[in-house]
1. Please list 31-37, 138-144, 116-122 highest first by mean number of surrounding beta-carbon atoms within 10 Å per residue.
2. Could you tell me the extents of the range 74-175's C-alpha atoms along the three principal axes, largest first, rounded to whole Å?
3. Let's see if you can work this out: charge +1 on each Lys and Arg Cβ, -1 on each Asp and Glu Cβ, no other charges. What is the dipole magnitude of the range 5-176 about its Cα centre, in debye to the nearest 20?
4. For the range 5-176, what is Rg from Cα atoms divided by 2.2 N^0.38 Å, rounded to two decimals?
5. Would you mind pulling out the separation of the Cα centroids of the range 1-29 and the range 111-162, in Å?
6. Let me see the P(r) profile for the range 26-77: every Cα-Cα distance counted, bins of 5 Å, each bin given as a percent of all pairs.
7. Determine, from the Cβ-Cβ distance of THR112 and ILE66 and an R0 of 22 Å, the FRET efficiency 1/(1 + (r/R0)^6), rounded to the nearest 0.05.
8. Just from its helices, what would the mean residue ellipticity at 222 nm be for the chain, if runs of 4 or more DSSP H residues each count -39500 (n - 2.57) and the sum is divided by every residue, rounded to the nearest 500 deg cm²/dmol?
Amino acid sequence: MSEAETIVLGGGCFWCTEAVFKEVRGITDVESGYSNGQSQRPSYEQVCTGRTGCVEVVKLEYDPAIISTRQILEIFFVVHDPTQLNRQGNDVGSQYRSGIYFTDPEQQRVATELIQEIAREQIFDGPIATEVVPLADYWPAEDYHQDFFERNPTQGYCMAVAAPKVVKFRKTFRELAKG
């Protein structure tokens, strides 16, 4: 295994994003958390107010010998709507904004180039609202948020929102799915 890399993504509710990336070959760890806000060690309840500036994110550790940053970001752009500003579906607020929080300049370059390519090819009906900024102030979410979909597959939100994203990933990126 090559040295693991870390990237943090905000794609709406972290339960959904986590559920997808736990299925991806080459992703060695997925953790739900909060980042890029003004509050130190915020709670879920604080983040939900929208006043902390934090975004719900997943921190991904991955093996770049198995999956590239570009492949991770291609999955990211398929499983959420990067054109929505401060929302994903019915989840509304800055805590649900679309974001790529890079940990090295190469990730920033890859993200910027991919967004430019998507814009040129007019893949979406509107402009990409995804922010691409350095990771700042990451904190893990509370334990009950970790592995949420895996532990609660029949919970209403999971069935209505997370499960379809997992299915979409499996259909679109069959070759990148674990097992």
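Bear in mind these aren't lab numbers, they're just calculated from the coordinates by the rules spelled out. All figures in this text were calculated on a predicted structure; none of them were measured in a lab. Neighbour counts are summed over all protein chains in view; Cβ atoms, including those assigned to glycine, are modelled from backbone coordinates with ideal geometry.
1. Numbers: 31-37: 21.9, 138-144: 14.6, 116-122: 11.1.
Ranked from most to least packed, the peptides come out as 31-37, 138-144, 116-122.
2. Its Cα atoms span 39, 33, 30 Å along the three principal axes.
3. Values: 16 positive and 25 negative charges, 88 e Å.
With only Lys, Arg, Asp and Glu charged at Cβ, the dipole is about 420 debye.
4. Details: Rg = 14.8 Å, N = 172, 2.2 N^0.38 = 15.6 Å.
The value comes to 0.95.
5. Here the two parts' Cα centres lie 10 Å apart.
6. Whole-percent P(r) values from 0 Å outward: 4, 19, 22, 17, 12, 14, 10, 2.
7. Details: r = 23 Å, r/R0 = 1.06.
About 0.40, to the nearest 0.05.
8. Values: 6 runs with 55 residues, N = 179.
Estimated from H runs of four or more residues: -8500 deg cm²/dmol.
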